[in-house]
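Notes follow the structure.
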Amino acid sequence: MGIARLVIFASGNGSNFEAIVQAINEGRLNATIVGLICDQPNAYCLVRAKKHAIDTYVVERKSFKDKTEMDKAILNQCIAWQADWLILAGYMRLITEEILRSYPRHILNIHPSLLPKYRGKDALGQALAANETTLGVSIHYVDEGMDTGEIIAQFPFTIRGGEPRSQIEEKLHQLEHRVYPEVIQQTIQEERK
Ligand code: GRF
């Protein structure tokens, strides 16, 4: 078996995507990124992909009659890239059965809360609104639900009352950038045993 071939899925900034690229370049993650799937044509993650000469596939929902057709196109691209793992990093869509059944237990996501708490959008905002002082990050297998798949690893951290949101976000992102490549590496290794 050769080196693990990853496709990254992102919709926005792509800082986690970049952290994965860095981990590979520094030898902390034994894998190769074969492409980036992005559903937002103006997303910054596409600029990052270009900088690193990573192939991209932009899919806009409006170009397809339904979600199934869109995911069929995405799946075909993943197959063409000979992807082993699909790594969601800020991809703001649900993955349909079309893709799930071709990649059982080979699709991962990172979510900025201690799941099952605060699924979906703005998980940090949800946690802060609930006055949580222990926040965290979860990495999980993807299923058809929104942030509902089996949890692989969780990383809590605490905040002080009154800390500005920007500072908390900074901590959260730093944590994500450190742990996501680590957990991807462990998960790939586990599967190869
Ligand atoms: C991260 O907070 C991740 O947990 C969530 O979406 C955000 C993506 O950030 N799923 P970025 O695009 O990687 O900078």
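Quick notes on this structure:
- Long pairs among LYS50/LYS193; LYS67/LYS121; LYS50/LYS171; LYS65/LYS121, criterion Cα-Cα beyond 29 Å: LYS50/LYS193
- Built amide H within the under 5 Å cut-off of GLY35, gap 5+: ILE8
- In the context of the full set of protein chains, residues of the chain present 51 Å² of accessible surface per residue (probe radius 1.4 Å, heavy atoms only).
- Normalised by residue number, the volume inside the convex hull of the Cα atoms of the chain is 121 Å³ per residue.
- Antiparallel %, DSSP beta bridges [both residues in the chain], to 5: 40
- Here the simple spin-label model places points 7 Å from the Cα toward Cβ, and for LYS117 and ASN13 these points are separated by 2.2 nm.
- Residues of region 38-53 with amide N under 20 Å of the 7 Å Cα→Cβ point at GLU69: 38-41
- In range of the label at LYS51: residues from region 5-25 whose backbone nitrogen is under 11 Å from the point 7 Å along Cα→Cβ: 14-15, 18-19, 22
- For region 71-162, GluC sites (Glu not before Pro) are listed when DSSP marks them as loop and at most 12 other Cβ atoms sit within 10 Å of their Cβ; the list is GLU144, GLU150.
- In nm, spacing of pseudo-spin labels at THR134 and GLU182 (7 Å Cα→C-beta vector): 1.8
- Relative contact order, percent, the chain [alpha-carbon distance under 8 Å, six or more residues apart]: 21
- Given their separation in residues at 0.36 nm each and the Cα-Cα distance between them, GLN126 and ILE79 gain 13.3 nm when the chain is fully extended.
- For the chain, the mean residue ellipticity at 222 nm estimated from helices alone is -11500 deg cm²/dmol, where every DSSP H run of n ≥ 4 contributes -39500 (n - 2.57) and the total is divided by all residues, rounded to the nearest 500.
The values are calculated or read from the model by the stated rules, or taken from the named source; none is laboratory data. Keep in mind it's a predicted model, so treat the numbers as computed, not measured. As a convention, Cβ positions derive from the backbone with ideal geometry for all residues, glycine included, and neighbour counts pool all protein chains shown. Accessible surface is based on the protein model in full, side chains and every heavy atom, while ligands, DNA and RNA are left aside. Shrake-Rupley method; radii C 1.70, N 1.55, O 1.52, S 1.80 Å.
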